[in-house]
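Single-structure report; data block below.
Just so you know, all these numbers are worked out from the coordinates, no wet-lab data involved. It should be emphasised that the depicted structure is a prediction, and the values quoted were computed from it without experimental measurement. Methodologically, a virtual Cβ is constructed for each residue, glycine included, from the backbone with ideal geometry; neighbour enumeration extends over all protein chains shown.
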Amino acid sequence: MSSIRNISRLKKADPKEDQSKPILFEIAWEVCNQVGGIYTVLRSKAAVTTEDWGDRYCLIGPYVEHKADVEFEELELGPTLGPTIEALRAAGMKIHYGRWLVTGNPRVLLIDVSAAAYKLNEYRHSFWTDCNINYPDGDIETNDCVSFGYLLAQFFEALTNSLHHKRPIIAQFHEWLAGAAIPLIKKRNIPVATVFTTHATLLGRYLCASTQNFYERLPWINPDQEAGDRQIYHRYCIERAAAHGADVFTTVSDITAIEADHLLKRRPEKVLPNGLRVEKFAALHEFQNLHREA
């Protein structure tokens, strides 16, 4: 196990880098882990974001070994994140640092959620006391979401302490699976500026699949009742807590902004189209296409 005391292999800081400049993190379940459309969104913006931010830009996702073997290259630790990563590894967190093997080769942190399975009962209890959200024992996806949230909160707390709160940290979280960290960061007063981005609301996806004239009916829909009827109330609560806890709430289209306003009860401050090279990528989330056709 690595130790915070053994940092001889850390790269020397670039003397030209302004240590007061902010660091940008982008967090999603689909970093180095293709599941759906968000993977394409992240890939489409990686090159231009890395060009603008350099090594001050870093993505965070879950460590999935068979996918990381293909898409991820481990690197030696750098001076900014290195001490934090070493300390977390010494404390038992399995965290990998390297580059995502896509255009731009952005820096990536991959956190092994499964390695924290022994803390699951602790996380479930704390999530109830911290956020007043309970969820069924057998919901594996929510277990992963909440565990990921606590590990992320632990990372950001350690990082801001390592940097002595002298460097601005911005963290953008995509979708509810990455969003559980936001209410935890807020409750712990961790000095991180948070952005939550929904590409299509969780409840909206379910309603679009089963409801005719969804957008015409939207103003009269009771989100709590509908989420409960579909047995996703706990997931809906996580998404809503992320939307309300974030410093800035964004979505990817005007129509999804309307949806979020009604279902999550917060109007997004900004609409950020999926992907930055929009002339090359048509990276709309697959569920948004369903929304438009409904």
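What's the tally of Lys pairs in the chain whose alpha-carbon atoms lie under 25 angstrom apart, where the two lysines are 8 or more places apart or on different chains? Close lysine pairs found across the chain: 28. Along its first, second and third principal axes, ordered by size, the chain spans 62, 47, 36 Å in Cα coordinates.
Residue ranges 127-138, 210-221, 182-193 sort as 182-193, 127-138, 210-221 when ordered by packing (mean number of other C-beta atoms within 10 Å per residue, highest first). Counted by neighbouring Cβ atoms within 10 Å, the residues T84, T197, T40 run from fewest to most as T40, T84, T197.
A simple charge model with +1 on the Cβ of Lys and Arg, -1 on the Cβ of Asp and Glu and nothing else charged puts the dipole of the chain at about 820 debye relative to its Cα centre. Between the alpha-carbon centres of the range 209-248 and the range 39-66 there is a gap of 29 Å.
Relative to the longest principal axis of the Cα atoms of the chain, the long axis of helix 120-131 lies at roughly 60 degrees.
Looking at the chain alone, DSSP beta bridges between its own residues are antiparallel in about 25 percent of cases.
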